[in-house]
Amino acid sequence: MKLSLIRTYSCNTFPIFNKPKTQSLSLCARFRRPICSSSLKPKTPLFLRPPNYSATLSDLKKWHDWAKTLSSSIGSSFVDSDNGPDPSLLHRELNWLIEDSLEDHSLIPQLGIQDNSTNVRLRVDIDELYSLWKQRIEERKPFQYIVGCEHWRDLVLSVEEGVFIPRPETELLIDSVSHVVSNNEELRTGLWVDLGTGSGAIAIGIGRILGSRGRLIAIDLNPLAASVASFNVQRYGLQDVIEIRQGSWFEPLKDIEIEEKLSGVICNPPYIPSDDIPGLQAEVRTHEPRLALDGGLDGTDDLLYLCNRTASLLKPGGFFAFETNGEKQCKFLVDYLENDNAGLHRANNQLKEVMSATATILSSYTNLILSSRKQQQLLPRLFVGTGILNQLIAKRNRSYHANQKKKLNHRFSVYAATEGSAKSSESEETIPSWAKPDSDEPPPWASGEDKDASQQGFEIPFFVYLLASAVTAIAAIGSIFEYVNQRPVFGILNSDSIFYAPLLGFFAFTGIPTSAFLWFKSVQTANKEAEEQDKRDGYL
């Protein structure tokens, strides 16, 4: 199994966001505490540094040519060894590094001019640029760590070595939360938890959805990650919504009132089997924190712990979603929740297409069904559904897909909700009973339910109307053509006949509206046939 490091990147002119001024007193009273106790200070991303350095465009071009030559020299060696970046990808990263380093982007086209003595202001010394690019090529240091940030959704998040880099596919967890709380104010205003927050990406994405009345606690065992997450939360002015706590999984929640159940738990946990770590890209296995990757012998150590603990902490109607490592691991977890874990139950899965501006994603949402177990009423029942997380198409100005010719890995997520009074927006959507996975009911067309409709009488198919419309239009246009050119009608009626003009006029003046009417009938009939088919399929 190989975990690809995919870079999504965009414009680097981002302000420091101001703290929101609106906040309820009750929320402040119950939620006010230091955003993070870690004393570690995160590094400032390159694009946020002041332009305190200068160099000539000639010197910058010399560095660029050297860096480009170094990138080209690797050929396909990185790709062949561990599915790493190829030269074309490294060249794009090089251009992004220039954009982050240079204060005035309008000067970039002048890099092609020889011996240009124009001075430019840089955010990093020219000698450090040489050092940074050597680290990228020779040490395989991730580009996100080189520039100190990652572009994720519409966010620009600070990251540095020792902090897990958020992946594009994890964005679907945010989409799932948005879907769940869109029509559920009880969940929106409840307490949410992001376990293993890393850079704070998931927490910030959810915090922006919850709004000023929402509450979210983001937890990470790594003190550096907690510090970086705090920095990112403050940049986006969400420190009154999101609280960063350092600790292991649910341990930092011990001070939460026992009566206050969680509205939602979201997590992107370590799920890679220990033996698979050496086969990852060098950027991942060498530089990213193993704590965020290694899920134990089969990758499920932390996943099983999460499943065991979450049900007792979620309120009725609460929501639970986490990412897993592919179909095999996901099916194992579903089977575990259904058969081995007291009080937990598997639900039918419904795949739903979610259209974004530039990508179609497969998302999975749960239907709260299936049987309960006897004598397990102390725990809320947890329902689980699974769904494929396809690799997302990059949605930024500057983006790339690592090694397009290699097969991309599919990730899976598990979405769950506890049964209770809180209404799920999925309840508005229905699946025909015959289409449910465990149903033995035959579809309507197989059970003969549509026989009555077929016996009501013959109706002209839509394509007959469409063909008649086309023929009529051709006859009308042909009549006009023959009258203008004084050609015989059907080769029989000559232009000197008294019936010539009236006959062609009749075809011309009645043919066009008749053709339009027949076209309308074809569309009407086609829509009717489609509606009847939907009724037979059970969707209407």
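Structure above, values below:
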quantity	calculated
All helices (runs of 4 or more DSSP H) inside the stretch 153-227 with 3 or more residues being in contact with a Gly (Cβ under 7 Å, 6 or more places away or on another chain), aliphatic (A, V, I, L, M) and more than 27 Å from residue 304 (Cβ to Cβ)	none
Test: residue in the stretch 104-115 that is in a helix (DSSP H, G or I), within 21 Å of residue 148 (Cβ to Cβ) and of a type in the set (Gly, Ala, Ser)	no
Output for the stretch 192-209, where each listed residue is farther than 27 Å from residue 146 by Cβ and surrounded by 24 or more Cβ atoms within 10 Å (Cβ to Cβ)	192, 193, 195, 206, 207
Matching residues in the stretch 94-116 - criterion: being of a type in the set (A, V, I, L, M, F, W, C) and out of contact with any strand residue (DSSP E or B) (no Cβ under 7 Å at 6 or more places or on another chain)	94, 97, 98, 111, 113
Tabulated pairs, the stretch 142-165, first on the phi > 0 side of the Ramachandran plot, second surrounded by fewer than 21 Cβ atoms within 10 Å (Cβ to Cβ) and among the aromatic types (Phe, Trp, Tyr), C-beta under 9 angstrom, 6+ apart or interchain	148/47
Residue in the stretch 123-142 that is part of a loop (DSSP other than H, G, I, E, B), touching a Ser or Thr at 6+ places or on another chain (Cβ under 8 Å) and open to solvent by 60 Å² or more (accessible area, probe 1.4 Å) present	yes
Of residues in the stretch 50-93 being polar (S, T, N, Q), over 22 Å from residue 126 (Cα atoms) and part of a loop (DSSP other than H, G, I, E, B), the one most open to solvent (accessible area, probe 1.4 Å)	76
Number of positions in the stretch 305-320 that are touching a helix residue (DSSP H, G or I) at 6+ places or on another chain (Cβ under 7 Å) and open to solvent by 20 Å² or more (accessible area, probe 1.4 Å)	0
Check on residue 116, touching a Leu at 6+ places or on another chain (Cβ under 7 Å), polar (S, T, N, Q), farther than 19 Å from residue 40 by Cβ and open to solvent by 10 Å² or more (accessible area, probe 1.4 Å)	yes
Qualifying residue in the stretch 260-273 (condition: over 25 Å from residue 299 (Cα atoms), under 24 Å from the mean Cα position of the chain (by Cα) and either modelled with pLDDT of 95 or more or surrounded by 21 or more Cβ atoms within 10 Å (Cβ to Cβ) (or both))	yes
Criterion: under 23 Å from residue 144 (Cα atoms), touching a Pro at 6+ places or on another chain (Cβ under 9 Å) and at pLDDT 90 or above - qualifying residue of 233, 228	228
Whichever residue in the stretch 169-183 is touching a residue at least 40 places away in the same chain (Cβ under 8 Å) and open to solvent by 10 Å² or more (accessible area, probe 1.4 Å) and, among such residues, is nearest to residue 47 (Cα to Cα)	175
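The values are calculated or read from the model by the stated rules, or taken from the named source; none is laboratory data. Predicted model only: the values in this text are computed from it and were never measured. Note: ideal-geometry Cβ built from the backbone for every residue, glycine included; neighbour counts use all protein chains shown. These area figures cover heavy atoms from the full protein model, side chains too; ligands, DNA and RNA do not enter into them. Shrake-Rupley method; radii C 1.70, N 1.55, O 1.52, S 1.80 Å.
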